[in-house]
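What follows is one structure encoded as structure tokens, with my remarks underneath.
Each reported figure results from applying straightforward, stated rules to the coordinates on display, with no laboratory input. The model shown is predicted, which means the values in this text are computed figures rather than measured ones. We place every Cβ from the backbone using ideal geometry, glycine too, and count neighbours over all the protein chains shown.
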């Protein structure tokens with residue numbers, strides 16, 4: 001896919017925790033989509049599905065019109081492991097930028 005970009009969220013150990021299902025025309029568009037996902041993080045719920053072909057569970061974050069905003073980078077053998085992977089994704093996504101500003105002003 002020449003000329004298209006996607007984002008990947010990695011843990012500190014380098015393991016990919018989540019990927020963008022969509023492709024973007026520019027690197028800035030991909031970055032903006034990831035930032036928007038972070039800023040709306042508290043609103044996200046996982047949809048955990050068993051793969052039709054193959055073995056394993058995958059998670060997706062559904063967005064408007066049923067299009068996924070993020071997905072697991074691979075299938076997990078156990079449902080509970082897939083749930084844990086989604087929780088790790090939410091933790092790594094971080095606090096919305098507005099929350100950081102509110103905390104800073106509350107501490108001042």
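List of remarks:
- Spin-label model, residue 49 to residue 26: label points 7 Å out along the Cα-to-beta-carbon direction sit 3.2 nm apart.
- An ellipsoid equivalent to region 8-100, defined through the eigenvalues of its Cα gyration tensor, has semi-axes of 22, 15, 13 Å when rounded to whole angstrom and sorted largest first.
- Shape call, region 16-55: gyration tensor on alpha carbons, a/c limit 1.5: oblate
- Distance between the pseudo-spin-label points of residue 36 and residue 65 (7 Å out from Cα toward the beta carbon): 1.1 nm.
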